[in-house]
1. Return the only residue of GLN270, GLN245, GLN276 being closer than 24 Å to PRO192 by Cα and of a type outside the set (Asp, Glu).
2. Kindly indicate the residue of region 243-259 that is out of contact with any strand residue (DSSP E or B) (no Cβ under 8 Å at 6 or more places or on another chain) and in a helix (DSSP H, G or I) and also surrounded by the most Cβ atoms within 10 Å (Cβ to Cβ) among those meeting that condition.
3. If I ask for residues that are farther than 17 Å from GLN226 by Cβ, open to solvent by less than 20 Å² (accessible area, probe 1.4 Å) and not aromatic (Phe, Trp, Tyr), which ones from region 315-340 would you list?
4. Would you mind finding the one in SER279, SER287 that is outside any loop (DSSP other than H, G, I, E, B), over 21 Å from the mean Cα position of the chain (by Cα) and more than 28 Å from ALA188 (Cβ to Cβ)?
5. Whether any residue in region 227-236 is surrounded by fewer than 18 Cβ atoms within 10 Å (Cβ to Cβ) and either touching a residue at least 12 places away in the same chain (Cβ under 8 Å) or part of a loop (DSSP other than H, G, I, E, B) (or both) is what I want to check.
6. Out of SER359, SER287, SER368, which single residue is of a type in the set (Gly, Ala, Ser), touching a strand residue (DSSP E or B) at 6+ places or on another chain (Cβ under 9 Å) and over 29 Å from PRO202 (Cβ atoms)?
7. Within region 238-275, how many residues are among the aliphatic types (A, V, I, L, M), in contact (Cβ under 8 Å) with a residue 60 or more places away in the chain and closer than 29 Å to ASN191 by Cα?
8. Determine which member of the set ARG162, ARG212, ARG208 is among the basic types (Lys, Arg) and under 25 Å from SER287 (Cα atoms).
Amino acid sequence: DLSSKRNKVGKDRSIYLRSNVYIALVVTIVLIHLVVAPAYVPEIDKKKSRQSSPTIKCVFADTDSGYIRASNSESKTGSPQKQSSVLVDTDKINLQKSTMDASIAHDEVTLNLAKKESAEHLHGLAEVYAAMRKRPLRVKAYAVDDDSIDDGENVKVVHFVRHGQGFHNLMADLAHATGREWTQFTIAPENPYIMPEILDSPLTQKGREQARALQPCLDEMETLPQMVVLSPNCRALQTGIIAYQPLLNKVPFIAHEMAREEMGVHVCDQRRPKSQQVSEFPMVDFSLIETEEDELFSPTERESKMSVGERIYTFMEWLSQRPEKHVGVVSHSGWLFTVFNGICECDDALKGWFHTGESRSVKLVFTSSNTTDNS
């Protein structure tokens, strides 16, 4: 009996030690990913970028040539990269990580997850596009440097921005890095987007740096935005205030419910009460937000693509009637993807997935049965 008890104690102690080693290993891996991975850029790439090309701050799509051009404050030329389809290689549509500051670079985990999610978000957009062609208001998008489009009364220059990295993005990256699989928009423990702790997810430090990195884009604009429109979700509000900080108290910053992300199920997309947003963002006009609580969000059902398209169409109607000719719009990946794949008529070069902290400048041409298209 004594011998068996000793063996049992020995086995229990071995299991206990192995458990502690496993827990310590998991904690170490997570800490390494949090501290090192987001900032990791291969040293050879950083040396190459310093020698051969300046840091890329903004991305413009040249629809005439079908190429993506990278732009910076010194020159508006860059290495052309051919784009062949709507689901483009995400490395080619956003800031190239080999030429980015390490603190805002997108690692391979983030890029791979973006490819997966962009494919999922395509479902239903063909039906949205077909339905919107029957509406009285038509919206066409062109590269901002397309000289064939005159600056008529029905033309606006719009700088579309996706928010910087939010904590929900970080949680998804960490889950994806460990090999966890989940089905989008489902209530399941594997889905990182339903964690209650990330309701109306704010920016991470990396997300704030990504937003701050957009400020030099203002120096490249011939005319600064005369209005900044923001999704009323926390991460978009933070991004807009940081990216367009030089414009605060000079132009209106307006929160617009129709510029929100596709919503439902994922609690990161749920808006906090209006009074909380007003208190934390007093520089933003929330008068267009009609309800204190988020009455649009459903905890059990995801918004349909057609519903997202309807909201964007309503937003475009509002935008077309505004007097401002140059506008900044800060929103979310799914919403922006629907803008260019479901609402606007545009070249494929503009249809790619937006990464966190990406800005894409275009000319929007609004036409209806009572106006003439100057394009």
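The values are calculated or read from the model by the stated rules, or taken from the named source; none is laboratory data. Remember, predicted model here, so these are calculated numbers, not experimental data. We place every Cβ from the backbone using ideal geometry, glycine too, and count neighbours over all the protein chains shown. Surface accessibility is based on the protein's heavy atoms, side chains included, excluding ligands, DNA and RNA. Shrake-Rupley method; radii C 1.70, N 1.55, O 1.52, S 1.80 Å.
1. GLN270
2. To start, the set of residues in region 243-259 that are out of contact with any strand residue (DSSP E or B) (no Cβ under 8 Å at 6 or more places or on another chain) comprises 245-246, 248-250, 257-258.
When the remaining residues are screened for being in a helix (DSSP H, G or I), the result is 245-246, 257-258.
Values: GLN245: 14, PRO246: 10, GLU257: 20, MET258: 22.
This residue is MET258.
3. Result: MET316, SER331, HIS332, SER333, GLY334, LEU336, THR338, VAL339.
4. Working: SER287 fails: outside any loop (DSSP other than H, G, I, E, B).
Result of the check over SER279, SER287: SER279.
5. Of the residues in region 227-236, the ones surrounded by fewer than 18 Cβ atoms within 10 Å (Cβ to Cβ) are none.
Checking region 227-236: not a single residue is surrounded by fewer than 18 Cβ atoms within 10 Å (Cβ to Cβ) and either touching a residue at least 12 places away in the same chain (Cβ under 8 Å) or part of a loop (DSSP other than H, G, I, E, B) (or both).
6. Working: SER359 fails: over 29 Å from PRO202 (Cβ atoms); SER287 fails: over 29 Å from PRO202 (Cβ atoms).
Sole residue among the options that is of a type in the set (Gly, Ala, Ser), touching a strand residue (DSSP E or B) at 6+ places or on another chain (Cβ under 9 Å) and over 29 Å from PRO202 (Cβ atoms): SER368.
7. 4
8. On the way: ARG212 fails: under 25 Å from SER287 (Cα atoms); ARG208 fails: under 25 Å from SER287 (Cα atoms).
Every option except ARG162 fails the conditions.
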